[in-house]
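One structure is given here, and the rest of the page talks about it.
The values are calculated or read from the model by the stated rules, or taken from the named source; none is laboratory data. Bear in mind the structure is a predicted one, so any value in this text is a computation, not a measurement. Glycine gets a Cβ as well: all are built from the backbone with ideal geometry, and neighbour counts include every protein chain shown. Surface accessibility is based on the protein's heavy atoms, side chains included, excluding ligands, DNA and RNA. Shrake-Rupley method; radii C 1.70, N 1.55, O 1.52, S 1.80 Å.
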Amino acid sequence: MQRNHSIALVALFAALMAVLGLIPKIDLPFGVPITLQTLGVMLAGCLLGPRLALRALVLFLVAVAIGLPLLSGGRGGFGVFTTPAAGYLLAWPLGAFVAGLVMRTLPASSPRRVALSAFVASAIGGLLVIHASGVVGLMKIAGMDFTQALIATSAFVPGDLIKCVLTAVVCHTVARGLPDWKFGKQGA
C-alpha cells in the first residue's frame, strides 16, 4: 500500500508541474522566462520529502525531454535543455530534493512552525539551489560572465520569494487540515 501511495504522490506532483505550465510565461530578454513552475518544485520538496520530490521532478523532466509540451508556453523536447534556461530546468530535481531534506530537518510541531520551515526549505532548495545552477547555465549557454549572470538571475528573486510565501501558506493549510501529514518525510 505504501508503494502505491508513493507512486501516486510522484505522479500527482509531476502532473501539478504540468498544470503550473499552463499558466502563461513572461519572457525576459536573456532567454529565461518567468513561470510558476518553480512553485511546484518548492511544494514537492516541502510536502513530499527528498526522495519522492526528486522522483516527481525527474519524471516531469523526462516527459519534457521526450517532447511533451509541459513547460510554460507549451515548450517541450530535448531542445529546451540547450537554451539559457537549461541550468534552471536541470536544477529542479536537485532543488526539490534539497527543499525536502531541509524540510525534514526543521520543526513541524505546529502549523505555524510548518509554515516557517516550508518558507526556509523552499528558499534554500527552490531559490538558492536553482539560481546557483541557473547562473552556471547562463554562463555556459548564454555566454554571460559571472556578474552578468548574477544580475540576470536576480530578476527572478522577488517572484521566487513570493512563491516561498505561497509554499508556506499551502503547507500551513495542509498542516491544519491534515495534522498527520509527514512534511518532508512522505515515502520515507
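For the reader, a short list of remarks on this structure follows.
- Residue in region 28-60 that is farthest from M144 (Cα to Cα), counting only those that are free of Cβ contacts under 8 Å to residues at least 40 places away in the same chain and not in a helix (DSSP H, G or I): T35
- Restricting region 49-66 to residues that are in contact with a Gly (Cβ under 6 Å, 6 or more places away or on another chain) and of a type in the set (A, V, I, L, M), the residue that is surrounded by the most Cβ atoms within 10 Å (Cβ to Cβ) is A53.
- Among the residues of region 67-93, the ones that are hydroxyl-bearing (S, T, Y), outside any helix (DSSP H, G or I) and loosely packed, with under 15 Cβ neighbours inside 10 Å come to 0 in all.
- No other residue among V136, V170 is farther than 12 Å from C46 by Cβ, over 11 Å from the mean Cα position of the chain (by Cα) and β-branched (V, I, T) apart from V136.
- With respect to the conditions (1) part of a helix (DSSP H, G or I); (2) among the hydrophobic types (A, V, I, L, M, F, W, C); (3) over 14 Å from the mean Cα position of the chain (by Cα), A14 lacks only one, and its number is (3).
- Within region 153-188, the set of residues being in a loop (DSSP other than H, G, I, E, B), open to solvent by 40 Å² or more (accessible area, probe 1.4 Å) and of a type in the set (G, A, S) comprises just one member, A188.
- With respect to the conditions (1) farther than 27 Å from A65 by Cβ; (2) in contact with a Cys (Cβ under 7 Å, 6 or more places away or on another chain); (3) open to solvent by less than 40 Å² (accessible area, probe 1.4 Å), F119 falls short on a single one, namely (3).
- Subset of region 133-152 [open to solvent by less than 60 Å² (accessible area, probe 1.4 Å), assigned to a helix (DSSP H, G or I) and in contact (Cβ under 8 Å) with a residue 40 or more places away in the chain]: S133, G134, V135, G137, L138, A152
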